[in-house]
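Take a look at the structure set out below.
The values are calculated or read from the model by the stated rules, or taken from the named source; none is laboratory data. None of the values given here were measured: they were computed from a predicted structure. Surface areas here come from the heavy atoms of the whole protein model, side chains and all, with no ligands, DNA or RNA. Shrake-Rupley method; radii C 1.70, N 1.55, O 1.52, S 1.80 Å.
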Amino acid sequence: MTIQARWGGASGGNGGEDEQARRALDRLRASKSEQERPVRSRYLHELVASVFHWVSASLQRLVVVLASVLLIALIGAAVFVRFSASSTQTVPGSSAAASSQVAVASTTTTTGPSVVVDVGGAVRAPGVYRLALGSRVVDALERAGGPAEDIDLSRLNLAALLVDGERVWLPRRGESLDGVVVGSSTRSDGGPGGLQATAPLDLNSATVEQLDDLPGIGPATAKAIVDKRKAAGRFRSVDDLLTVKGIGPSKLDAIRSSVVVR
């Protein structure tokens, strides 16, 4: 009986110690779990912050790239528009400008009889213009943009009638025209009205027909002058005519006073 009681007592004592050990182990596990929870939470927070930072940086780079592309496109469009505008401009007095001016003048005049004249000299927009039949020098002056600042009105007959196909030259102050008053009411051929075509002929804008009227210059030579101008560009001096086939020193001297380079 004594031996069983002791074993029984010993067994009961061990059961209590085991229970205390289990409770201590549970508390230890709970404590460890509570310590690990802030670590996991901090790791998750850092992960979310890293992802957000990467996304934000990517968006910023994307915005910079898009802004750069847009800026380049705008600059390219501006350059293209400016280049297109400059390439369509024409030089006043050139054949292209004259054709454009004739077209514009034709649309602004009546459909009745008309005259076509070449207006040059001290005007703001020299060129070839179509005006109504019966128009006078003052009308040609107005159609050519009005007088330039250095025009010499004292040598003009603004009331002279215009004749189809003639050249209306409005002189500048101090410009030599061999003493002839441009805008005379008498034509050089004795016909009524019109202007005497005694003004120097601009080699860089003259037509084949105008060059053909020069002394010693026939249709073939006149065409050669225009072809040379188209092939080599504008004449820089009257002496450049020596490079034209059919013109030698003697012929150049004969027309030197009748031509000019502007």
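Taking 0.36 nm per residue of separation and subtracting the Cα-Cα distance, what length does fully extending Glu142 through Ala220 add?
Working it through step by step, the gained length comes to 24.6 nm.
Whole number please: convex hull volume per residue of the Cα set in the range 199-262, in Å³?
Convex hull volume per residue, Cα atoms: 72 Å³.
At a probe radius of 1.4 Å, what is the per-residue accessible area of Glu19, in Å² to the nearest 10?
About 70 Å², rounded to the nearest 10.
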